[in-house]
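Asks: I am attaching a structure below and will ask some questions about it afterwards.
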Amino acid sequence: MLLKIYPNNPNQKDLDRVASTLRDGGLVIYPTDTLYAIGCDALNVRAVERICRIKGVDPQKSKLSIVCHDLSEAGAYTRIDNDAFKLLKRHLPGAFTFILPAGADLPRIYKSRREVGLRIPDNPIALELVRTLGNPLLTMSVHDPASDNEEPEYLTDPELIHEKFDGRVDLVIDGGIGRTEGSTVVDCTASPFTILRQGRGAIDL
């Protein structure tokens, strides 16, 4: 199903509908401030496992990332020391994934590597969806790193994304044409902090 939501004024009834799908263990594709992403309720382990199967990811070996509404919520699911907090406060919401030690409230599936990626994207649909759900979203880009010939339109056009993932996800949010560049990934688990991948977000460590 393709559901149009306007980023300038997300309709609460539509957000409630998407959140209900997520609470039932559904998978949703939604816009961020970088690429479109596949998300599920981060605390629903079966839904997390379902996304990992679709993306061909081993949750025991790969870094998993969550989307939170703000740093207050993030504090329940990650461990943020003072230096990291100052860095995050300066750059979020924004096009960054910060790798942090996993917090106590995350399910065990996240803790095999004892770290988790944190995103607070500068996108009102994503932020309002997390707020409405009341839980973080597990998030993975729709991009397939193994596909060298992937057309940019299949990463940015929600109608084509819906065509590509029809039958594998429960709902696709049409929040307008997306971007083609991923987030900048910053490892905050050791000092000094390091940039693991330069993406759309500009940062000075």
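Asks: Which label marks the calculated value of Rg and Dmax of the Cα atoms in Å, given the options (1) 19.9, 61; (2) 15.9, 49; (3) 15.7, 45?
Replies: Entry (3).
Asks: For the chain, what is the accessible area per residue in Å², given a 1.4 Å probe and the full set of protein chains?
Replies: 48 Å²
Asks: Setting aside same-chain residues fewer than 8 positions from LYS111, which lysines have a Cα under 30 Å from its Cα?
Replies: In chain and number order, the partners are LYS55, LYS61, LYS63, LYS86, LYS89.
Asks: If amide H atoms are built 1.01 Å from N in the plane of the peptide, which residues on other chains or at least 5 residues away come under 5 Å of the amide H of SER62?
Replies: When sequence neighbours closer than 5 places are left aside, there are no close amide H contacts.
Asks: Something else: Ignoring ligands, DNA and RNA, please state the percent of accessible area on region 2-84 from carbon and sulfur, probe 1.4 Å.
Replies: Of all accessible area on region 2-84, carbon and sulfur atoms account for 42 percent.
Asks: Let me ask you something else. Order 6-14, 128-136 from most to least packed using the mean count of other Cβ atoms within 10 Å.
Replies: Listed from highest to lowest mean packing, they are 128-136, 6-14.
Asks: For region 85-205, what ratio Rg/Rh do Cα atoms give with a Kirkwood hydrodynamic radius?
Replies: 0.97
Asks: Can you give the charge dipole size of the chain about its Cα centre, rounded to the nearest 20 debye, using +1 on the beta carbon of Lys and Arg and -1 on the beta carbon of Asp and Glu?
Replies: Roughly 780 debye for the chain.
Asks: From the square roots a ≥ b ≥ c of the eigenvalues of the alpha-carbon gyration tensor of region 1-51, which class results: rounded (a/c under 1.5), prolate (a/b over b/c), or oblate?
Replies: Verdict is oblate for region 1-51.
Asks: Can you give me the % of accessible surface on region 88-146 that is carbon or sulfur? Probe 1.4 Å, all protein chains present, nothing else counted.
Replies: 46 percent
Asks: In addition: Taking the dipole about the Cα centre of the chain, with the C-beta of Lys and Arg at +1 and of Asp and Glu at -1, give me whichever of PRO10, SER112, LEU155 is farthest to the positive side.
Replies: Selected residue: SER112.
Asks: Rounded to the nearest 500, what is the chain's calculated 222 nm mean residue ellipticity when only DSSP H runs of at least 4 contribute -39500 (n - 2.57) each, over all residues?
Replies: Calculated mean residue ellipticity at 222 nm is -8500 deg cm²/dmol.
Asks: Mind ordering 156-167, 18-29 by average Cβ neighbours within 10 Å, highest first?
Replies: 18-29, 156-167
The values are calculated or read from the model by the stated rules, or taken from the named source; none is laboratory data. Here the structure is a predicted model, which is why all the values come from computation and not from measurement. Virtual Cβ from ideal backbone geometry, glycine too; neighbours counted across all protein chains shown. Side chains included, ligands, DNA and RNA excluded: accessible areas come from the protein's heavy atoms. Shrake-Rupley method; radii C 1.70, N 1.55, O 1.52, S 1.80 Å.
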